[in-house]
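These notes are about the structure you will find just below.
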Amino acid sequence: MSSYDEIPAEILTLGPDFVQIWQLLPPLITREKFAEATGGAYRARHMANLDSKGQGPAQRVLVGPKVCYRRTEAVLWLASRTKAL
């Protein structure tokens, strides 16, 4: 787990829920693990579709056969698509 000083400023501004998500995620996260981290709100296949349209998180990388997202970009993307009801 990362120390408080390592959390990027842009994550800190999102509030405690997103800080907690950021702390729980590894530095690189697969689409499948991202689906788990969001409680199934975004399934891996849906993320692949969004990526193909250029609408997924920035800076995805290929690690072996798996597409992964960088933790900070994934959390920022999730925050940008989250609305209070």
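The values are calculated or read from the model by the stated rules, or taken from the named source; none is laboratory data. Values in this document were obtained by computation on a predicted structure and should not be read as measured data. For neighbour counting, all protein chains shown are included, and Cβ atoms are generated from backbone atoms with ideal geometry for every residue, glycine included.
Applying a threshold of 6 Å to beta carbon distances and a minimum spacing of six or more residues, or different chains, the list of pairs starting in the range 56-72 at a residue that is in contact (Cβ under 8 Å) with a residue 24 or more places away in the chain and under 12 Å from Phe34 (Cα atoms) and ending at one that is assigned to a strand (DSSP E or B) and among the charged types (D, E, K, R) reads Val67/Arg60; Tyr69/Arg60.
Among the residues making up the range 29-57, those that are in contact with a Phe, Trp or Tyr (Cβ under 7 Å, 6 or more places away or on another chain) and either on the phi > 0 side of the Ramachandran plot or aliphatic (A, V, I, L, M) (or both) are Ile29, Ala35, Met47. Within the range 43-61, is there a residue that is under 24 Å from Glu6 (Cα atoms), loosely packed, with under 12 Cβ neighbours inside 10 Å, modelled with pLDDT of 95 or more and not hydroxyl-bearing (Ser, Thr, Tyr)? Yes, the range 43-61 contains at least one residue that is under 24 Å from Glu6 (Cα atoms), loosely packed, with under 12 Cβ neighbours inside 10 Å, modelled with pLDDT of 95 or more and not hydroxyl-bearing (Ser, Thr, Tyr). How many residues are in a helix (DSSP H, G or I) and touching a helix residue (DSSP H, G or I) at 6+ places or on another chain (Cβ under 8 Å) if we restrict to the range 4-31? Count: 9.
All conditions but one from (1) free of Cβ contacts under 8 Å to residues at least 12 places away in the same chain; (2) of a type outside the set (Gly, Ala, Ser); (3) surrounded by fewer than 16 Cβ atoms within 10 Å (Cβ to Cβ) apply to Lys33; the one that does not is (3). Selection over the range 37-85 of residues that are in contact with a strand residue (DSSP E or B) (Cβ under 9 Å, 6 or more places away or on another chain) and farther than 16 Å from Val19 by Cα gives a count of 16.
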